[in-house]
Each structure stands twice: as structure tokens, then as C-alpha cells.
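Student: Here it is: the structure, laid out below.
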Amino acid sequence: MDAEGNIIWCKSYIRPKGVVHDAYIHSDGSFIVTGYTDSTTTSMFEPLSPLFQPKLFLMKLNGDGEVEWCRGFDSAPYYWHTPRWSRIVQSFDGNFVVAATLGTPGYNLPLRPLLMKLNTNGDTLWTNTVGPTGYLQNVSDLLVASDGGLLISGGIEGDLPENWTGAQFIYKADSLGRLPCWEAYHSVVTYDLFPNDSDITLTAIDGVTAHLASVSDTTFAPLTIYDSCTLNTGIPSMVRHAPKQPRVRPNPNTGRFTVQFDDPLMADSFYSVYDALGKLLYQQRWPPGEQTEEVDLLRFGTGTYVIRFTSPGGSCYERVVVE
């Protein structure tokens with residue numbers, strides 16, 4: 001619309017089901033929209049239909065509403081919890097960060113927040129999730145902190161201290177998405193989506209209707225603050241420590257090398273491979289009990305890469321040179 005509220009254009013994109021949650025508007029009039037491709041909501045007590053296959057989407061539109069590109073993101077079997085909205089912000093480096101809520105497999109319940117950073121073309125730079133096992137958490141908002149870090153807020157339900165059944169949380173991640181605790185790996189698959197931008201007609205009606213509203217003062221009890229990194233979730237303490245630094249042999253190498261830990265991993269872990277610009281190339285799960293992994297980077301060519309090893313308790317990094 002223009003400044004007077006007159007409609008300039010109106011378009012529809014993702015059909016038959018889709019919901020918009022947030023948008024970032026550029027100074028040139030273009031914008032990026034985020035939401036889900038399936039807005040179906042079902043009872044949380046009934047199993048999800050096999051037809052429920054929502055994807056988180058990110059869509060770039062020019063100032064005339066024409067689609068420049070559109071990406072879809074999936075993390076099956078952890079489908080997105082569509083009743084909870086996704087959020088998008090622009091980071092200080094000009095790229096974008098999206099926060100969304102993963103769902104519990106098979107049921108319409110929230111599981112944990114997911115953070116994902118993308119470049120201006122919609123390519124994934126990194127992903128990370130946060131949340132202790134045994135709790136249901138959902139995203140409410142996402143902000144960029146003054147130091148370049150990221151703040152996510154939302155709700156959490158579970159066996160909280162003093163028999164609480166629910167509370168609000170705030171987590172802070174650094175500019176690379178690293179969190180102080182409860183990091184968990186969920187693979188994210190990217191798809192190219194091809195929505196149609198078809199014109200639709202809306203009729204503007206002048207006039208308003210007034211409704212009487214009442215306001216009353218309410219006094220609440222003081223807030224009680226808990227450290228969410230110390231929630232008792234029954235996870236053995238031995239898996240809450242970051243993995244020891246692995247050995248990469250040989251390094252430098254020709255693209256094929258072996259990663260080895262001194263002891264077998266005690267919990268589900270994964271490693272992520274990044275190029276010299278910080279772009280995520282791929283992620284791979286590392287099951288409990290494994291001690292070595294053969295890695296092949298031949299297809300990416302020569303250069304310097306960073307491998308991030310992540311367990312439920314934290315992360316460590318190793319630089320690899322491919323000659």
C-alpha cells in the first residue's frame with residue numbers, strides 16, 4: 001500500500017496451505033518473508049496425519065512482489081511446530097538469522113527452538129538447536145544483541161523446579177550460533193521451492209468501528225529466575241561435557257583424512273564442515289560408541305576448512321588444510 005493506504009498490488013504465493021510469520025524489509029523496497037508451507041493445526045493428543053509435511057520457508061520478493069528465490073527447510077522426523085511462529089532478523093554482517101520451533105515427532109507438540117543463519121541468497125551458513133531433553137519449548141522472539149550475538153525467547157513446559165508447569169526462557173547465542181548449554185543436533189535439508197506470485201483483488205472499505213474497552217491495574221508476584229543450564233533432566237553428567245579435542249591425521253592432506261577421539265563418544269554427536277568463509281558445507285551424525293571417522297573433502301577442492309564437533313554438552317573445533 002502507499003502512504004495513504006491505497007493498495008498498489010496484492011499477491012498470493014504458497015497454496016493451498018501456507019502461513020506468513022515475519023518479514024524483513026530492505027531499503028530498496030524488496031523484502032524477505034518467512035513462514036510455513038502447511039498451516040494445519042491438529043489436536044496435540046492425536047497422531048499427526050501422514051499428509052502433514054510442513055516446511056519452513058524463506059522467500060525473497062522484489063518491490064513489486066515478484067519472487068526472486070524461495071527456499072524450503074525440513075528436519076524430518078522433527079516436523080516444524082506450525083502453531084508457533086518463526087522470526088527473522090538481519091545480523092550485523094548483512095546476512096539473516098531465522099528462529100523457528102521444531103515439533104515432537106508424530107504429534108503436534110513443540111520440541112525445541114532452532115536457529116539458522118543464511119546468506120542473502122538463502123544458502124545455509126549454520127544451524128543449531130537448544131533445549132534440554134524432556135521439556136517442550138517454543139520460540140516467541142528473536143533479537144540481535146549489540147555485540148553481534150543472538151537472543152531467543154519463548155516458553156518452556158516440563159518438570160521445572162518447585163513443581164512449576166511452565167515458564168519463559170531467554171537464551172543468548174554468540175554470532176556463530178553457539179549456545180552456553182543444551183545444544184542438540186538436528187539435520188536440516190534445504191529444498192528449492194517455486195511458489196507462484198498470482199495477483200488477487202482486495203476491496204478497501206473506509207470507516208472504523210469503535211468498541212468500549214476497560215483497563216484495570218493488576219499486581220503480580222515478583223519474578224523467580226532460574227538458570228536453565230542447570231535444569232534437572234536426568235541426563236548423565238558425563239555427557240554434559242564438550243568432547244575432547246580430536247586428532248586429525250594427516251593434516252595437511254589431499255582431501256581424505258581420519259578424525260579420531262581418544263575414547264569412544266558417550267552420546268549422540270555430530271560434526272559440521274565449514275569453508276574458509278564460514279559457509280556450512282554439510283553435517284554428519286556421529287553415533288555413541290564411535291571413536292574414528294573417515295572424512296572426504298575432495299569434492300570441495302583445496303583450501304582451509306573448519307570442522308565443528310558437537311555433543312550434548314558443547315562444541316570444539318579443528319582446522320583442516322586440503323592441498
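Student: Straight-line reach from LYS11: which lysines have a Cα under 22 Å away, not including same-chain ones fewer than 8 places off?
Tutor: Counting by Cα, and skipping residues close in sequence, LYS11 has these lysines nearby: LYS55, LYS60.
Student: Treating cross-link reach as a plain straight distance, find the aspartates and glutamates whose alpha-carbon is under 14 Å from the alpha-carbon of LYS117, omitting any fewer than eight places away in the same chain.
Tutor: Straight-line reach from LYS117, under 14 Å: ASP93, ASP174.
Student: Toward the positive end of the charge dipole of the chain, about the Cα centre and with charges on Cβ (Lys, Arg +1; Asp, Glu -1), which of ALA210, VAL306, ILE7 goes farthest?
Tutor: Farthest along the dipole direction, towards plus: VAL306.
Student: Label ASP275 and GLU68 with points 7 Å out from Cα along Cα→Cβ: what is the distance between them in nm?
Tutor: Label-label distance for ASP275 and GLU68, simple model: 2.0 nm.
Student: Putting +1 on Lys and Arg Cβ atoms and -1 on Asp and Glu Cβ atoms, find which of PRO288, PRO47, PRO77 reaches farthest to the positive end of the dipole of the chain.
Tutor: Of PRO288, PRO47, PRO77, it is PRO288.
Student: Compute, for region 11-199, the length of the dipole vector about the Cα centre, with Cβ point charges of +1 (Lys, Arg) and -1 (Asp, Glu) only. Units Debye, rounded to 20.
Tutor: Its charge dipole is roughly 220 debye.
Student: Stretched out fully, how many nm does the piece from LEU143 to ILE8 gain, at 0.36 nm a residue minus the Cα gap?
Tutor: 45.5 nm is the gain from fully extending LEU143 to ILE8.
Student: Using 0.36 nm per residue of separation minus the Cα-Cα distance, give me the extension gain between TYR226 and ASP123 in nm, one decimal.
Tutor: Taking 0.36 nm per residue and subtracting the Cα distance, the gain is 33.5 nm.
Student: Work the Kirkwood hydrodynamic radius out for the chain: mean of 1/r over every pair of different alpha-carbon atoms, inverted, in Å.
Tutor: Hydrodynamic radius (Kirkwood, Cα pairs) of the chain is 22.0 Å.
Student: Under the Cβ-under-4.7 Å rule, which cysteines of the chain stay unpaired?
Tutor: CYS10, CYS70, CYS316
Student: A further question follows. With r as the distance between the Cβ atoms of MET1 and LEU212 and R0 = 35 Å, compute the FRET efficiency 1/(1 + (r/R0)^6) and round to 0.05.
Tutor: Taking R0 as 35 Å, the efficiency between LEU212 and MET1 is 0.75.
Student: So if I place +1 on the C-beta of Lys and Arg and -1 on the C-beta of Asp and Glu, and nothing else carries charge, what would the dipole magnitude of region 97-206 be about its Cα centre? I want it in debye, nearest 20.
Tutor: In debye, rounded to 20, region 97-206 gives about 360.
Student: For VAL306 and GLU157, FRET efficiency with R0 = 25 Å and r from the beta-carbon atoms, rounded to 0.05?
Tutor: 0.10
Student: Near GLY148, within a Cβ-to-Cβ distance under 10 Å, what is the net charge of the other residues, with Lys and Arg +1 and Asp and Glu -1?
Tutor: Result for the neighbourhood of GLY148: -3.
Student: What is the distance, in nm, between label points placed 7 Å from the Cα along the Cα-to-Cβ direction at LEU298 and at HIS26?
Tutor: In this crude label model, LEU298 to HIS26 measures out at 3.9 nm.
Student: What does the charge count near PHE31 come to, summing +1 for each Lys or Arg and -1 for each Asp or Glu among other residues with Cβ under 12 Å from its Cβ?
Tutor: Computed value for this residue: -4.
Student: Among LEU176, ALA23, ALA221, whose Cα lies farthest out toward the positive end of the dipole of the chain, if unit charges sit on the beta carbon of Lys, Arg (+1) and Asp, Glu (-1)?
Tutor: Projecting each Cα onto the dipole axis, the largest value belongs to LEU176.
Student: In nm, to one decimal, how far is the modelled label at CYS316 from the one at GLU290, with both set 7 Å along Cα→Cβ?
Tutor: With each label point 7 Å from Cα toward Cβ, the separation is 1.7 nm.
Student: Within 13 Å, Cβ to Cβ, of PRO113, how many net charges do the neighbouring residues add up to if Lys/Arg are +1 and Asp/Glu are -1?
Tutor: Local charge sum for PRO113: +2.
Throughout, read-outs are computed from the coordinates displayed, never taken from laboratory work. Computed from a predicted model, the values in this text were never measured in an experiment. Neighbour counts run over all protein chains shown; Cβ positions are idealised from the backbone, glycine included.
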